[in-house]
Amino acid sequence: MTQMLVCFLGTSGGMPTPHRALPSVAVRFAGSLLVFDCGESTQRQLLASGLGLPREFRVFITHRHADHLLGIPGVLYTLSMMGREDPVTIFGPKSACEVVRNLLEALETEVGFDVEINSVGPGLVYQGRGFKVEAVEAVHSAEAICYRLLEDDRPGRMRVGYLEKLGLPRGPLWGRLQRGEPVTYQGKVISPEEAVDPPRRGRKIVYTGDTRYSERIVEFAHQADLLIHDATFDQSLSDRAVAEGHSTASEAATAALQAQARALALFHISPRYHGKEDVLLNEARKIFPNTILPSDLEKLEIHYPK
């Protein structure tokens, strides 16, 4: 099993606190490092995370607001000073990509590798080895998208009892069946449908960035193994959440419940809750018990459903 490891590099929103950096979540999977949003100090958090800096390095920006992308120049400079030569690709909505391009141009950014910036919208964003990243529109005060990391489906389990009853020897013929090819043994044609259970879905992580509650996002996050959802405010500040295009902890929990997610991580925590994060956590857990409010640099391994 390929490890899928999530690291919460920065979990604050708007401004950092003594214990929370600005928004960024990294996923180490299938030889790639996927960074979702890139607030200030992300380069420091990456170095502290122990995730490593592999050749396959992708950055996915949700929107153009400063707290979600001002860390990009620092990350690029740090990678260059460490001798990187492999390219880095940045994805984001058109308005966010324009900000990134202007920022790098204004800083006269010179690094020792190619930087590719791709404007993307809803739909397929990136196809990796064994996974893909897709996007859907968020509901925020600026053009914004949410991302979904989807592992490819795994082959179904072999129906061992059936195959042993037929006397089919383990080995290449079993492999052909699992790849979807029929085989002939002792004059009998054995179809994959007879010998192999249906494919098993891969793991799924959804990262919303900044957003209001949205039925579109609920559908997008259906049966996610982990939903990382904007939870900037508690319910007493719901009017402010509406005005600023954010969600409350209750709304994040409602989204997780309706999406039938396995776990919820509250994210983009307003600095006003410094030392009082339980207000948000308790509010969410009343609706969706399997909720966490991660600390910076906290890691979470995503396992297959049992």
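What follows draws every value from the coordinates through simple rules; no lab data is involved. This one's a predicted model, so the numbers in the text were calculated from it and none came from an experiment. Counting neighbours? That spans all protein chains shown, and the Cβs are built from the backbone with ideal geometry, glycine included.
If packing is taken as the mean number of other Cβ atoms within 10 Å per residue, what is the order of 23-30, 166-173, highest first?
Those peptides, ordered most packed to least, come out 23-30, 166-173.
Roughly speaking, what is the centre-to-centre gap between the stretch 3-48 and the stretch 109-129 when only Cα atoms are used, to the nearest Å?
Spelled out, the Cα-based centre of one part sits 18 Å from the other.
Under 5 Å between amide hydrogens, which residues at least 5 positions from VAL139 or on another chain qualify, with H placed 1.01 Å from N in the peptide plane?
Those qualifying (amide H under 5 Å, at least 5 residues apart or on another chain) are ARG212.
Please determine, in degrees from 0 to 90 and to the nearest 10, the orientation of helix 94-106 with respect to the longest principal axis defined by the Cα atoms of the chain, where the helix direction is its Cα long axis.
60 degrees
How large is the dipole of the stretch 127-175 about the Cα centre if only Lys and Arg carry +1 and Asp and Glu carry -1, each at its Cβ, rounded to the nearest 20 debye?
500 debye
Where does each of CYS7, CYS38, CYS97 land when they are ranked from fewest to most other beta-carbon atoms within 10 angstrom?
CYS97, CYS7, CYS38
Give me the net charge of GLN235's neighbourhood, meaning all other residues with Cβ under 12 Å from the Cβ of GLN235; Lys, Arg count +1, Asp, Glu -1.
Spelling it out: positives minus negatives among the neighbours equals -2.
Arrange the peptides 148-159, 80-91 so that the one whose residues have, on average, the most other Cβ atoms within 10 Å appears first.
Highest mean packing first, the order is 148-159, 80-91.
Spelling out what I want: for every residue of the stretch 21-33, take phi, set θ = phi - 60°, compute 6.51 cos²θ - 1.76 cosθ + 1.60 (Karplus), and round to whole Hz; glycine and proline get x.
8, 6, x, 5, 10, 10, 10, 9, 7, 6, x, 10, 10
Go ahead and collect, in residue order, the members of the stretch 164-204 whose backbone nitrogen is under 11 Å from a label point 7 Å along the Cα-Cβ direction of ASP153.
From the stretch 164-204, the list is 198-202.
Angle between the Cα long axis of helix 249-259 and the longest principal axis of the chain, 0 to 90 degrees, nearest 10?
The two axes meet at around 20 degrees.
Mind checking which lysines have their C-alpha under 16 Å from LYS132, skipping anything on the same chain fewer than 8 residues away?
Result set, ordered by chain and number: LYS204.
Which whole-number percent is the relative contact order of the chain (Cα, under 8 Å, 6+ apart)?
Numbers: 703 pairs, mean separation 52.8, N = 306.
Relative contact order for the chain comes out at 17 percent.
Can you work out the PRE-style zone for ASN118? Point 7 Å along Cα to Cβ, and I want the residues of the stretch 62-95 with backbone N under 18 Å.
Backbone N within reach: 62-63, 86-95.
Ratio of the stretch 137-281's C-alpha Rg to 2.2 N^0.38 Å, to two decimals? It would help to have the intermediate numbers written out before the result.
On the way: Rg = 23.0 Å, N = 145, 2.2 N^0.38 = 14.6 Å.
Relative to the 2.2 N^0.38 Å estimate, the stretch 137-281 comes out at 1.58.
Quick one: dipole size for the chain, taken about the Cα centre, charges +1 on Lys/Arg Cβ and -1 on Asp/Glu Cβ, in debye to the nearest 20.
Computed charge dipole of the chain: roughly 1340 debye.
What does the charge count around ILE190 come to, taking other residues whose C-beta lies under 15 Å from its C-beta (Lys +1, Arg +1, Asp -1, Glu -1)? Each step should come with its number before you reach the end.
Working: positive: ARG159, LYS165, ARG170, ARG176, ARG179, LYS188; negative: GLU164, GLU181, GLU193, GLU194, ASP197.
Once all neighbours under 15 Å are counted, the net charge is +1.
Under 23 Å between alpha carbons, and skipping anything fewer than 8 positions from LYS165 in its own chain: which lysines qualify?
LYS188
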